[in-house]
Protein chains: 2
Amino acid sequence: MTDIALVTGAYGSIGRHVAIALSHKGWTVHGVGHGSWGVEEQRAWGVERWAENDVSLAALRSLDTRPDIVVHCAGSGSVGASISDPYLDFRRTVSATADLLEFVRSECPQATLVYPSSAAVYGIAEQFPIREDAPLRPASPYGAHKRLAEELVRDYARLFKLNTAIVRLFSIYGEGFRKQLLWDACRRISADETEFFGTGLETRDWLHVSDAAELMICAADNAGPHCPVVNGGSGVAVTVADVVGELFDLMGKNDRPVFCGTERHGDPRDYQADISRAVVWGWQPSIDWRAGLSRYATWFRKECGLA
Amino acid sequence: MTDIALVTGAYGSIGRHVAIALSHKGWTVHGVGHGSWGVEEQRAWGVERWAENDVSLAALRSLDTRPDIVVHCAGSGSVGASISDPYLDFRRTVSATADLLEFVRSECPQATLVYPSSAAVYGIAEQFPIREDAPLRPASPYGAHKRLAEELVRDYARLFKLNTAIVRLFSIYGEGFRKQLLWDACRRISADETEFFGTGLETRDWLHVSDAAELMICAADNAGPHCPVVNGGSGVAVTVADVVGELFDLMGKNDRPVFCGTERHGDPRDYQADISRAVVWGWQPSIDWRAGLSRYATWFRKECGLA
């Protein structure tokens with residue numbers, strides 16, 4: 001009998017990459033969360049059993065699974081939506097994590113829990129690259145709730161001796177991502193639009209989702225009741241102008257982007273991870289941002305019949 | 001038309017004192033929470049309207065009240081219960097606070113919100129008296145959840161410009177309290193028992209509930225989006241042995257207590273508040289612990305037909 005991994009939110013962009021990575025390492029992967037997919041697609045992503053349900057205590061118990069590892073990818077995913085509906089964001093991120101922790105505490109206290117948090121917990125940082133011990137001053141309900149969920153995980157780890165680890169993800173992207181900057185930019189570029197939000201000088205730290213999935217598994221190996229926290233980024237800050245400019249080239253366009261200068265509420269201007277802690281664990285990113293963008297643009301062109 | 005105050009948990013030991021104190025200052029007090037009491041008793045405690053219900057967003061909206069001040073006394077109240085059922089403690093403290101914050105944000109964003117937290121957020125302190133900027137290392141789910149609720153209040157205050165204040169209550173007591181140390185001790189003493197938990201050397205900072213209620217109202221006057229935090233204690237540390245010894249005298253017994261030495265899981269040994277911040281606001285405790293214990297013992301004897 002192989003060991004069982006439970007991935008919440010396994011249908012999501014990040015969750016499915018975690019599922020396939022665990023599956024490749026020999027885990028039997030069970031998934032729970034929202035999203036409707038056929039058995040063939042589930043299997044293609046390494047998911048052996050799928051329960052379409054909320055991540056609630058009742059739903060988790062009804063799975064009848066006692067996992068050895070849990071990666072809690074379910075949760076809210078949008079800064080903007082968290083500002084217009086903070087209460088929903090709270091429930092998706094904080095309440096769901098409380099339910100998951102109670103499930104682990106009461107049903108499988110030996111399991112290892114990895115919580116993918118977000119660099120949004122840092123808010124507007126003062127020093128770059130951002131270290132894990134930097135002050136946490138989230139600038140949106142999304143970031144604030146991720147921070148609360150982190151603290152809940154840390155408290156339960158300490159008080160109930162649960163093996164846990166937290167990975168603060170920076171800008172995760174990859175083939176198949178149908179939202180966020182790369183998707184929006186490729187769509188605009190393919191429609192011959194040249195105008196973009198922001199100043200273009202904002203920086204982001206891009207990490208390919210397959211590297212993020214490997215880091216999550218690496219975090220499980222390093223988990224404990226002390227609940228270590230690691231940044232999940234590449235360590236490299238790239239301006240939005242550079243990313244969008246590169247996408248223009250990759251999409252075979254000679255135009256250049258024009259930035260309208262509007263700032264996005266709740267989004268800090270800059271992000272850059274200090275990844276030395278994760279590197280000490282033996283992990284490192286394998287796909288640099290230019291190679292990753294190239295893969296993304298190839299996928300996008302094929303996806304939209306432009307190839 | 002007078003201004004409206006909403007007191008959640010107004011049936012509770014602390015909530016009813018907040019309600020009557022607000023009523024004496026001219027507020028029209030509405031209450032919501034659990035507890036069944038007759039209209040006469042509600043009125044005696046200054047509660048004009050009472051809704052027996054959960055502190056959920058739906059229940060709060062159904063009150064059809066737009067309060068000018070909210071004092072959120074509802075929440076869990078036991079360290080021991082939080083260890084055996086942390087999930088229930090989370091919902092009573094953290095989830096209920098999220099619901100209340102959403103109610104305030106969406107229905108009455110001009111209202112002032114006072115959150116009575118607990119000294120349990122400090123956990124095992126290193127320096128006494130404990131200042132509000134001391135590290136927060138709660139030693140129980142009760143303390144951990146109070147800390148999370150505090151942070152939720154602080155985040156919402158900052159992100160949505162809500163006027164808020166937090167009061168960290170130490171050992172609150174008063175006539176009518178039918179639980180915790182004083183109640184248990186009086187019961188044992190009146191039954192001629194002499195054995196007590198702990199070493200007797202533990203210290204607590206006792207604050208009479210009427211002083212705590214005044215501080216909560218004072219906190220409302222000092223509330224803002226910066227969400228000030230003040231300790232609610234007397235500033236005086238008294239050993240459990242001294243408190244219990246005093247109660248033996250007040251109950252007219254010549255026996256002395258014997259302490260069995262067992263420590264209580266999740267309860268820090270010592271508490272003593274630095275109350276200089278609250279004093280700067282113009283508040284100070286009016287009932288010292290000996291006078292307060294005398295009032296308590298008189299009430300207890302009458303209550304139990306011993307007077």
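The values are calculated or read from the model by the stated rules, or taken from the named source; none is laboratory data. Source: prediction; values computed, not measured. Glycine also receives a Cβ, built like all others from the backbone with ideal geometry; neighbour counts cover every protein chain displayed. Only protein heavy atoms, including side chains, enter the accessible area calculation; ligands, DNA and RNA are left aside. Shrake-Rupley method; radii C 1.70, N 1.55, O 1.52, S 1.80 Å.
Inter-chain neighbour count for A:100-112: the average number of beta-carbon atoms from partner chains within 10 Å of each residue's beta-carbon is 1. Charge tally around B:ASP267: other residues with Cβ under 11 Å, Lys/Arg +1 each, Asp/Glu -1 each, net 0. Express in % the proportion of alpha carbon pairs of region A:147-289 at distances exceeding 25 Å. Counting pairs separated by more than 25 Å, the tail of P(r) holds 38 percent. I need to check one value: relative contact order of region B:108-174, counting alpha carbon pairs closer than 8 Å and at least 6 residues apart, in percent. The normalised contact order for region B:108-174 reaches 47 percent. Of B:THR194, B:THR97, B:THR28, the residue with the greatest mean-square motion in the GNM of chain B, using alpha carbon springs below 10 Å, is B:THR194.
Rounded to the nearest 10 degrees, what's the angle between the helix B:240-250 long axis and the longest principal axis of chain B, both from Cα atoms, 0 to 90? Between helix and principal axis, roughly 70 degrees. Length, then width, then depth: along the principal axes, the Cα atoms of region A:253-301 run 41, 31, 15 Å. In the protein assembly as shown, helices alone account for a calculated mean residue ellipticity at 222 nm of -11500 deg cm²/dmol, with every DSSP H run of four or more residues adding -39,500 (n - 2.57).
Take A:293-299, B:142-148, B:111-117, A:256-262 and order them by the average number of nearby Cβ atoms within 10 Å per residue, most first; the result is B:142-148, B:111-117, A:293-299, A:256-262.
Of the solvent-accessible surface of region A:202-307, computed with a 1.4 Å probe and all protein chains present, 47% belongs to carbon and sulfur. Three principal axis extents describe the C-alpha atoms of region A:1-146; from largest down they are 49, 31, 30 Å. Mean sequence separation of contacting Cα pairs (under 8 Å, at least six apart), scaled by the length of region A:227-283, corresponds to a relative contact order of 60 percent. Diffusion coefficient (Stokes-Einstein, Kirkwood radius over C-alpha pairs, 10 °C, 1.306 mPa s) for the protein assembly as shown: 60 µm²/s, rounded to a whole number. The Kirkwood radius of region B:15-77, taken over pairs of alpha-carbon atoms, gives through the Stokes-Einstein law at 37 °C and 0.692 mPa s a diffusion coefficient of 272 µm² s⁻¹. The C-alpha atoms of chain B define a longest principal axis, and helix B:209-221 lies at about 30 degrees to it.
Relative contact order of chain A, taken over Cα pairs closer than 8 Å and 6 or more residues apart, is 18 percent. With a simple spin-label model that places each label point 7 Å from the Cα along the Cα-to-Cβ direction, the separation between B:LYS25 and B:VAL280 comes to 2.0 nm.
If both residues of a DSSP beta bridge must be in region B:167-307, then about 20% of such bridges are antiparallel. Straight-line cross-link reach from A:LYS253 at under 28 Å between alpha-carbon atoms covers these lysines, not counting any fewer than eight positions away in the same chain: A:LYS179, A:LYS302.
For chain A, the longest principal axis of the Cα atoms and the long axis of helix A:141-160 meet at an angle of about 30 degrees. Note on chain B: with a GNM built from Cα contacts shorter than 10 Å, the maximum mean-square fluctuation among B:GLU195, B:GLU40, B:GLU102 falls on B:GLU40. What would the Debye formula give as log10 I(q)/I(0) at q = 0.18 Å⁻¹ for the alpha-carbon point model of region B:217-307, no solvent? So the normalised log intensities work out to -0.98. Per the Debye calculation on chain A with a single equal scatterer at every Cα and no solvent contribution, log₁₀ I(q)/I(0) for q = 0.08, 0.11 Å⁻¹ amounts to -0.34, -0.66.
Chains B and A together bury roughly 2200 Å² of accessible surface, counting both sides and using a 1.4 Å probe on protein heavy atoms. With heavy atoms of protein chains only and a 1.4 Å probe, what residues of region A:140-182 have at least 10 Å² less accessible area in the full set of chains than alone? By number: A:PRO141, A:ALA144, A:HIS145, A:ARG147, A:LEU148, A:GLU151, A:LEU152, A:ASP155, A:TYR156, A:ARG158, A:LEU159, A:PHE160. Taking all protein chains into account, the per residue accessible area for the protein assembly as shown stands at 42 Å² (1.4 Å probe).
Computed from the Kirkwood radius of its Cα pairs, the Stokes-Einstein diffusion coefficient for region B:181-248 at 4 °C and 1.567 mPa s stands at 91 µm²/s.
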